[in-house]
Amino acid sequence: MISLPPLPYIDPYKSNQGLYEQPVSYSKNTISLRFEVKPAFVNSVRILNHIDQIFERMNAIANLPENWNGQGASIINRQTLQNSLKFLSIVGENITMSLDSENIMPTPYGTIELEWRTNDKLLSIEIGINKIGFFSQFPDQNNPHSNGFLFNGIKIPRDLTQAFIKFFQA
């Protein structure tokens, strides 16, 4: 069983707990997530709570057995979990904070799907061992997509960046 680390305890009555100067970083068994936390304490606690929800969801997915859906589903590979967390680190705080942890889903193919949704927009990203693909649905019917690109854990391609910009436009 894979177990992700718990969040550190934050005492709201102590002013110097490193929240202002240092990045927040969690890692255990080579699965990690890192964010620069802004100097607003309330915002920092909100971010930590959201990251905790993401880790709980990833932990649940990491512990799914072979054939978890009763139809031959593959287990989720550790590298896929790492890539998913690296991806969330790369896209940054605002995009990660807008991802509902319930929209982090395993697929039967051993990949993880991350989905952002509003009333009229959808951006779905599927992350695997070494590739990421995505599709989108927008009201103007101009729907960027990719069947897959190699993911190096450092940056995401321009097409996906443009899809995020389009998704978050008012």
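The values are calculated or read from the model by the stated rules, or taken from the named source; none is laboratory data. Not measured: the values here are computed from a predicted model. Here Cβ is always computed from backbone atoms with ideal geometry, including for glycine, and neighbour counts include all displayed protein chains.
Computed values, structure above
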{"read-out": "Qualifying residues in the stretch 66-97 (those that are of a type in the set (Val, Ile, Thr) and in a helix (DSSP H, G or I)) - the one surrounded by the fewest Cβ atoms within 10 Å (Cβ to Cβ)", "value": "ILE90"}
{"read-out": "PHE168 surrounded by 14 or more Cβ atoms within 10 Å (Cβ to Cβ), over 15 Å from the mean Cα position of the chain (by Cα) and touching a residue at least 40 places away in the same chain (Cβ under 8 Å)", "value": "yes"}
{"read-out": "Close pairs from the stretch 50-71: first among the acidic types (Asp, Glu), partner surrounded by 14 or more Cβ atoms within 10 Å (Cβ to Cβ) and modelled with pLDDT of 90 or more, Cβ under 8 Å, at least 6 apart", "value": "GLU56/SER101; GLU66/ALA73; GLU66/SER74; GLU66/ILE75"}
{"read-out": "Residue in the stretch 138-150 that is aliphatic (A, V, I, L, M) and either modelled with pLDDT under 95 or part of a helix (DSSP H, G or I) (or both) present", "value": "yes"}
{"read-out": "Residue pairs meeting the criteria (Cβ under 9 Å; at least 6 apart or on separate chains; first under 16 Å from ASN49 (Cα atoms), in the stretch 84-103; second part of a loop (DSSP other than H, G, I, E, B) and of a type outside the set (Val, Ile, Thr))", "value": "LEU88/LEU99; SER89/GLY153; GLU93/LYS38"}
{"read-out": "Odd one out for PHE55 among (1) within 24 Å of ASN147 (Cβ to Cβ); (2) surrounded by 20 or more Cβ atoms within 10 Å (Cβ to Cβ)", "value": "(1)"}
{"read-out": "Of all residues making up the stretch 74-95, the number that are modelled with pLDDT of 90 or more and among the acidic types (Asp, Glu)", "value": "0"}
{"read-out": "Every residue from the stretch 118-129 that is touching a helix residue (DSSP H, G or I) at 6+ places or on another chain (Cβ under 7 Å) and over 18 Å from ASN142 (Cβ atoms)", "value": "ILE127, GLY128, ILE129"}
{"read-out": "Residue within the stretch 101-109 that is in a loop (DSSP other than H, G, I, E, B), within 16 Å of ASN130 (Cα to Cα) and of a type in the set (Ser, Thr, Tyr) present", "value": "yes"}
{"read-out": "Any hit, the stretch 150-163, residues being of a type in the set (Val, Ile, Thr), closer than 24 Å to LEU81 by Cβ and buried (at least 16 other Cβ atoms within 10 Å of the Cβ)", "value": "yes"}
